[in-house]
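S.K.: Here it is, the structure, as structure tokens.
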Amino acid sequence: MPEKLMRYPHIVAMFFCIAACVLGGCQNHEAVRYYKQGYLDAQNGELNKAIEQYKKAIELYPDYIEAHISLGQAFEDLTRFKEAEESYRRALKIKPKHIMANVNLGNCYRKQGKLGAAARQYEIALSFKSADCWVQNNLGNIYEEMNDMARAMEQYERAIKCDVHDPEFQTDIANAYLKTDRIADALVHYRALL
């Protein structure tokens, strides 16, 4: 899943919520109603209203992972990072191997400049078989921000092996090569974008 899509986690979370309800994993329809209203409020930029709706959904259905994640994202969007971290951790307490909760917690750490903690959270997400190429690439971004170019390049290479046609992956590795004065290698990846 590209990092660009991760900028809209409410959409991703809504998809997972609807899928879970269709498959019978979400029995509390009233909680879903509050969740959906929170989603709409968040989309309209009314994050405080969204937070209240997500809290109501969680009150009715405490194990509602998607509501915890969306609540965390709303807090994060308001730069209320401590509350965002708590929401993501509650989701992880319910399902420790939930990739989105692990990645969002990592993103929250990253926004606060806690790059070591962010990298560790991404590494946890990557340990799950269902992790995708974008997790690998985002971990590369974090290592690059930490100025650990060797580890960044390793993650970028893995992401490209996973999906050689992704323009974001090609751009990130090309820019990293430029940063390390490996111009010939950078050109190879820039050409792949053409």
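The values are calculated or read from the model by the stated rules, or taken from the named source; none is laboratory data. Just so we're clear, the structure is a prediction, and the values are computed from it rather than from any experiment. Please note: Cβ atoms are built from the backbone with ideal geometry, for glycine as well, and neighbour counts cover all protein chains shown. Remember, those area values only see protein heavy atoms, side chains included, never the ligands or the DNA or RNA. Shrake-Rupley method; radii C 1.70, N 1.55, O 1.52, S 1.80 Å.
S.K.: Please work out which one of (1) open to solvent by 50 Å² or more (accessible area, probe 1.4 Å); (2) of a type in the set (A, V, I, L, M, F, W, C); (3) in a loop (DSSP other than H, G, I, E, B) is the condition A131 fails and give its number.
M.R.: Of everything listed in (1) open to solvent by 50 Å² or more (accessible area, probe 1.4 Å); (2) of a type in the set (A, V, I, L, M, F, W, C); (3) in a loop (DSSP other than H, G, I, E, B), A131 misses just condition (1).
Rundown of residues vs (1) open to solvent by less than 20 Å² (accessible area, probe 1.4 Å); (2) touching a residue at least 40 places away in the same chain (Cβ under 8 Å); (3) in a helix (DSSP H, G or I), yes/no style:
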{"position": "G106", "(1), (2), (3)": "yes, no, yes"}
{"position": "A119", "(1), (2), (3)": "yes, no, yes"}
{"position": "E123", "(1), (2), (3)": "no, no, yes"}
{"position": "I142", "(1), (2), (3)": "yes, no, yes"}
{"position": "N147", "(1), (2), (3)": "no, no, no"}
{"position": "R158", "(1), (2), (3)": "no, no, yes"}
{"position": "L178", "(1), (2), (3)": "no, no, yes"}
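S.K.: Let me ask something else. Just checking: which of the helices (runs of 4 or more DSSP H) contained wholly in the stretch 1-80 hold 3 or more residues that are under 30 Å from F169 (Cβ atoms) and modelled with pLDDT of 95 or more?
M.R.: In the stretch 1-80, the matching helices (runs of 4 or more DSSP H) lie at 65-77.
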